[in-house]
1. Residue check: is A:V24 of a type outside the set (D, E) and at pLDDT 95 or above?
2. Taking A:K179 and the conditions (1) modelled with pLDDT of 80 or more; (2) surrounded by fewer than 19 Cβ atoms within 10 Å (Cβ to Cβ); (3) under 18 Å from the mean Cα position of the chain (by Cα); (4) in a loop (DSSP other than H, G, I, E, B), which numbered condition does it fall short on, given that it satisfies the others?
3. Filter segment A:124-152 down to the residues that are touching a helix residue (DSSP H, G or I) at 6+ places or on another chain (Cβ under 6 Å) and more than 14 Å from chain B (Cβ to nearest Cβ) and list them by number.
4. Enumerate the helices (runs of 4 or more DSSP H) found wholly within segment B:136-251, keeping only those where 1 or more residues are basic (K, R) and touching a residue at least 60 places away in the same chain (Cβ under 8 Å).
5. Only one of B:W214, B:W184 is surrounded by 19 or more Cβ atoms within 10 Å (Cβ to Cβ) and more than 10 Å from chain A (Cβ to nearest Cβ); which?
6. How many residues are at pLDDT 95 or above and either within 12 Å of chain A (Cβ to nearest Cβ) or touching an Asp or Glu at 6+ places or on another chain (Cβ under 7 Å) (or both) if we restrict to segment B:21-47?
7. Just checking, does segment A:90-104 include any residue being more than 9 Å from chain B (Cβ to nearest Cβ), outside any helix (DSSP H, G or I) and at pLDDT 90 or above?
8. Would you confirm whether any residue within segment A:48-59 is away from every other protein chain (no Cβ under 11 Å), touching a residue at least 60 places away in the same chain (Cβ under 8 Å) and surrounded by fewer than 17 Cβ atoms within 10 Å (Cβ to Cβ)?
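The values are calculated or read from the model by the stated rules, or taken from the named source; none is laboratory data. All values reported here derive from a predicted model rather than from experimental measurement. FYI the Cβ positions are ideal-geometry reconstructions off the backbone, even for glycines, and counts take in every protein chain you see.
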Amino acid sequence: MKEATLRQILVVTDGCSNAGISPVAAATLAREQGITVNVIGVIEKGDMGEQGEKEIREIANAGGGLYDIVYPQQLAQTVQMLTRKAMTRTIHHVVNKELKEILGDSAIDVLSPEKRVQVAGMVDELGERSRLDVVMLVDTSGSMKSKLSAVQQAIHDFSISLRSRSGQSRMAVCSFPGKQKHLDVRIPWTDQVEQAHQLTSGLTMSGITPTGPAIVEAIALFEHVQLPASLSERFRNEQEEDDGSLRDHVF
Amino acid sequence: MSSNKPTIPDLPLQFCGKWNQKSYRVLRELGRGANGAVYLAAQGGVRRAVKVGAEGMDLLMEVNVLKSVQQGRDARVAPLVSDVDDLVINGKTFTFYAMEYLEGEQLDRYVKRMGTDWVPILMIQLLARLEILHRHGWVFGDLKPENVMVTHADKQVRLIDFGGVTKMGNAVRQFTEEYDRAAWQAGDRRADIAYDLFSLAVMAVRLSADPEMWKSRRQEPRQTSLLCDIIRNSDSLYPYRVSLVKALHGKYASAGEMRSEMLAIVRERTIGHRGKQASDSAGKLVGGLFVASLLLLAGTLYYAWMM
């Protein structure tokens, strides 16, 4: 098995999208291109609302990822946990696929739990060593304002988690809605985030939450994806990374 | 709160493992964590703790760790795993594992009931457990009072939730911010010995500190200077300040090193307190020996006389 790159988009939001393409469709598109979509709903008190929770769940399901709904102070921990679990899941799927090729259709079901314990050890080790690219997609529409300091904290904290891995990791942070487009790149691909970075500076506060379009644009940040010329011009030049060769996105 | 939790299945009252055919009768739920739910169950007349989770892989990773720790002959670090198997609930297959059931009390509740005098002693015990774990190449990771138990029967400290256990050098799998080195801005999240010792020191502070004070100071930014401040101002922590501060700054190379330093302080303090009593009992001992030798003499004389 070659070294893999795991790709994730992590959406941090507090409510329903209300503009552009459905975020569930956008997540399906991301998954189609080997990108997992995780979603964290941030609430201040009480509930997310049935509609908001449903959307979050559906985005994660369509994106092959996981979701959780938490208070701002739980955010940092949740980001790390969801990311790790989603990685495990992705690798598990790939390992499962390989096993299916060797063992036939029933694959993992024919392995006794004792054998699967060994597979689990291997999945864990692969998760630790593989490359990881994560785009954090932060909803900065009006109602998120009071939660942004917690988000900022979580971003810094996540960068520590990534740094602690054995495999190479990178993250980028985007906010949506953007000034002109659906999304603004706040922190381009990096393996280290300075705490001083201000997410709150120069934000456009609006009532528009274009979660779907933002996910579509975030896909463009992963350079393994073939893009239409317009998007590729917009995003490619923001990366100082130059290893132009496409990384294999499956094992 | 977390919406992932409903996906952790509820165990049926009675079930049988698919592979090993062991049947279980569920008695009650013991608790729910990030990775799964733990139930108390009876299997073949023995009480077991049964853990079931939403993600089979996560659970199997835990079993992998538990088994590797048990390969050595060092019992008492982790609960012994007695069964790993699948069960079907509503047509869906879930993985579960059964382990020995430890009857005891969560560390913080125990200390609350018994007093903070116990904290150094429990920490010393815990350090012995950690040292064994470390020797096998694992770091516990998510060290917190909720994951430590004091057994009823023999007052032994046992680690109970192995979901955070991480191979040394890898990124810590699971943590709780309150005890996490990175959240306190004192380092990263790479699993090393110092990571566990840091959590242990925070735990010692939290268990000894006045709960109200701990709660109110939680609003302050997390920095080790806050912890050092609490240690300086606490009567029960002050004697252990050198060890605790060293642990907070990653100055120990092993759990054993910290353990022997703390042990030395406990001994010194006990001797210091009991100095007078010790000489009293020495007096009694001498007296006792005198009586014994008289009896012996009498016995010898009697024996000689009989001859």
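1. Details: of a type outside the set (D, E): yes; at pLDDT 95 or above: yes.
Here the answer is yes, as A:V24 does meet what is asked.
2. (3)
3. Quick first cut of segment A:124-152, residues touching a helix residue (DSSP H, G or I) at 6+ places or on another chain (Cβ under 6 Å) only: A:124, A:126-127, A:135, A:137-138, A:147, A:150.
If the condition is that a residue be touching a helix residue (DSSP H, G or I) at 6+ places or on another chain (Cβ under 6 Å) and more than 14 Å from chain B (Cβ to nearest Cβ), then A:V135, A:L137, A:V138, A:K147 are the ones that fit.
4. Numbers: elements: B:193-208, B:211-217, B:224-232, B:241-248.
Where helices (runs of 4 or more DSSP H) fall fully within segment B:136-251 and carry at least 1 residues being basic (K, R) and touching a residue at least 60 places away in the same chain (Cβ under 8 Å), they are B:193-208.
5. On the way: B:W214 fails: surrounded by 19 or more Cβ atoms within 10 Å (Cβ to Cβ).
Exactly one residue qualifies, and that residue is B:W184.
6. Number of matching residues: 2.
7. No: zero hits.
8. Checked against the condition, which is being away from every other protein chain (no Cβ under 11 Å), touching a residue at least 60 places away in the same chain (Cβ under 8 Å) and surrounded by fewer than 17 Cβ atoms within 10 Å (Cβ to Cβ), segment A:48-59 yields no hits at all.
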